[in-house]
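In what follows, a structure is listed as structure tokens, so that the remarks can point back to it.
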Amino acid sequence: MGVDKTQGIPRKAILVNFEDIHCIIFHMLCLAAYGCAFWLYLHPELSHTNSLGSRLAFIAASALLLGWITGVNVGVNFHNHTHRKFFRVAWLNRWITRLWTFSGGWPGFFWEYNHLMVHHPNVMASEDWTAPRYRPSGGFENIYRFCFAHWPYRYIVHLWQEFRRGSKGKYTNSEAIKELMIFLCLWSIPFLIAPKMSLGLWVLPQYIANVVIMGPGMYAQHIGCVEPSAKDPFCHSVTFVSPFFNLTMFNIGYHIEHHSDPSIHWSDLPQAHQDMKSDLINNQAHIVPFGLYHWGIRLLLEPERSALCKGEFASTQHPNYCLAQNQLANPPAIK
């Protein structure tokens, strides 16, 4: 499904897909934003942050902006690299993995493991500890509980248990230790420059990225969903078809399509969605007309929606993806 965009690309090209240059530019701008914030902090006479109040205001505003772009940089752009490596050279892919996520508070090796080895093979099953949990009383855990518990606490506990149990392919215990050491060396660099600055312009943005941006994003993509089955193959995720959201967020809104075939390049997901549209309608997949931010904010403002289960999405379902309405608009031909 989708177009193989490796065809026609010269073998000497470093990038596998030319579209990935957008992700790389975004990553470089993200690192540049951190560097700019550090530089302004270290030069208060230029940023006019000599007083305590102005400095705290600068840190708060910078942390929010850095946290937002970091959440997108790791949760969306690195996510794309995890599924379809950007480069043709193996060692370059290894190092881009290491250099991509350290500014997000993650060893890339660990993020790749929990996404490829835990989330995708077991989406919404009991083994998928990255997704929202069911409550004993029914429905899902509260969005606030999920966001504050999943990072770093839930990930630390489960990753520790996973690697202690044994290896899975290349994800061995020894590799995990090596990658963690490389991450700590890279992650500690800002503390060597200015420890106090690092707390406000390094640690705080990373916390915001994981808890305020990626947490609600993960929750919104799978709230009310269940483990897929032959009878209900698209019940594992929510798809967001807002054109503006997908244009600015590297098509991450097409989440059912992505989970149905993770090998599809992110730039081909809109076409994959069109190819699957009739199946999505016939299987009553959850398709909403707005973007993921809109849905996440609604869940944050109305946490009682955490109890939603499949079949209770009438208020959010895109009208063009309702089975009955589609049948009325396209009646069967009379023989």
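Going through the range 104-145 one residue at a time, which ones are of a type in the set (Phe, Trp, Tyr), over 30 Å from residue 187 (Cα atoms) and buried (at least 16 other Cβ atoms within 10 Å of the Cβ)? Explain how you work it out, then say what you get.
Step one: of the range 104-145, the residues of a type in the set (Phe, Trp, Tyr) are 106, 109-111, 113, 129, 134, 140, 144.
Still in the list and also over 30 Å from residue 187 (Cα atoms): 134, 140.
Selection gives 140 alone.
Can you give me the ranges of the helices (runs of 4 or more DSSP H) entirely in the range 215-269 with at least 1 residues that are buried (at least 23 other Cβ atoms within 10 Å of the Cβ) and either in contact with a strand residue (DSSP E or B) (Cβ under 9 Å, 6 or more places away or on another chain) or not hydrophobic (A, V, I, L, M, F, W, C) (or both)? Show your work before the answer.
On the way: elements: 215-222, 243-248, 255-260.
The qualifying helices (runs of 4 or more DSSP H) are 215-222, 255-260.
Conditions tested, residue by residue: (1) under 20 Å from the mean Cα position of the chain (by Cα); (2) exposed (fewer than 14 other Cβ atoms within 10 Å of the Cβ); (3) within 25 Å of residue 77 (Cβ to Cβ); (4) in contact (Cβ under 8 Å) with a residue 12 or more places away in the chain.
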site	(1), (2), (3), (4)
155	yes, no, yes, yes
171	no, no, yes, yes
189	no, yes, yes, no
192	no, yes, no, no
212	yes, no, yes, yes
(request) Would you mind finding the one in 151, 129 that is closer than 21 Å to residue 99 by Cα, of a type outside the set (Asp, Glu) and under 20 Å from the mean Cα position of the chain (by Cα)? (result) 151
(request) Consider only pairs whose beta carbons are under 9 Å apart and that are at least six residues apart or on different chains; among these, list those whose first residue lies in the range 279-297 and is within 14 Å of residue 213 (Cα to Cα) and whose second residue is assigned to a helix (DSSP H, G or I) and polar (S, T, N, Q). (result) 291/246; 291/248; 292/221; 295/221
(request) Any chance you could count how many residues in the range 30-59 are closer than 29 Å to residue 79 by Cβ and touching a residue at least 24 places away in the same chain (Cβ under 8 Å)? (result) 7
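A short reminder: the numbers here are calculations on the coordinates, not readings from a lab. From a predicted model like this one, the values you see are computed outputs, not experimental measurements. As a convention, Cβ positions derive from the backbone with ideal geometry for all residues, glycine included, and neighbour counts pool all protein chains shown.
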